[in-house]
Amino acid sequence: MNNYETVFILTPVLSDAQMKEAVEKIKETLISHNAEIINEENWGLRKLAYPINKKSTGFYQLIEFKATPNVIEILETQFRRDERVIRFLTFRQDKFAAEYAAKRRSLKSSADEAKKEAKTKEYKPIEETTN
């Protein structure tokens, strides 16, 4: 099994529920063909570098997974058939890219934990001293 990373852009006219449904459909395609999903990131609505189908923004989504090479053909066929996907790119990670992705995930998770800890920490008011 190889490590792969796919980034795809969904049309911006979708509602939040429709966007999540499209992502779930892609994930189900991967899982049904014995791919192991490692990481998933929603990058949100972003401006495109150039207009695609008269649209200047799109919902970006990243999925990292382990799969056999024949799964990529099936996945890309699914992307082409789904009218909600306006662009996609899938590539195989070499060992250096896989190490970098793992490091990036661990840094992101530690930063998320630090944010959660800061939010839950109780702040005590500073007591005023009178002279």
Checklist outcome for this item: Options (i) 1.20; (ii) 1.01; (iii) 1.16 are given for Rg/Rh (Cα atoms, Kirkwood Rh), and the computed one is (iii)
Item to check | Projected label distance in nm at Lys116 and Glu73, using a 7 Å step from Cα toward the beta-carbon | outcome: 4.2
Next on the checklist: Let me check against my output: what whole-number percent is the relative contact order of the chain, with C-alpha pairs under 8 Å and at least 6 apart?
Outcome noted: 36
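Mind ranking 52-63, 97-108, 1-12 by how tightly packed they are, going by the mean number of other C-beta atoms within 10 angstrom, highest first? Let's see the in-between values first.
Values: 52-63: 15.8, 97-108: 12.9, 1-12: 18.5.
With the highest mean Cβ count within 10 Å placed first, the list reads 1-12, 52-63, 97-108.
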Checklist entry - Relative to the Cα centre, what is the charge dipole magnitude of the chain, using +1 at the beta carbon of each Lys and Arg, -1 at the beta carbon of each Asp and Glu, and rounding to the nearest 20 debye? => result 440
Checklist outcome for this item: Extension length gain for Lys54 and Ser32 (0.36 nm per residue less Cα distance), in nm, is 4.5 nm
Checklist entry - Mind ordering 73-80, 19-26, 109-116 by average Cβ neighbours within 10 Å, highest first? => result 19-26, 73-80, 109-116
Item to check | Karplus-derived HN-Hα couplings along segment 71-76 (A = 6.51, B = -1.76, C = 1.60, θ = phi - 60°), whole Hz, x at Gly and Pro | outcome: 5, 5, 4, 5, 4, 5
Checklist entry - Given the pairs Lys66/Lys103; Lys55/Lys103; Lys66/Lys116; Lys27/Lys116; Lys55/Lys116, which span a C-alpha to C-alpha distance of over 25 angstrom in this model? => result Lys55/Lys103; Lys66/Lys116; Lys27/Lys116; Lys55/Lys116
Item to check | Karplus (6.51, -1.76, 1.60) ³J(HN,Hα), θ = phi - 60°, over segment 29-43, in Hz, Gly and Pro reported as x | outcome: 4, 5, 5, 5, 9, 6, 8, 9, 7, 8, 8, 9, 9, 9, 8
Checklist entry - What is the antiparallel percent of DSSP beta bridges lying wholly in the chain, to the nearest 5? => result 100
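Just so you know, all these numbers are worked out from the coordinates, no wet-lab data involved. Note that the coordinates shown come from a computational prediction; the quantities given were computed from them, not determined experimentally. Heads up, the Cβs are rebuilt from the backbone with ideal geometry, glycines too, and the neighbour counts pull from every protein chain shown.
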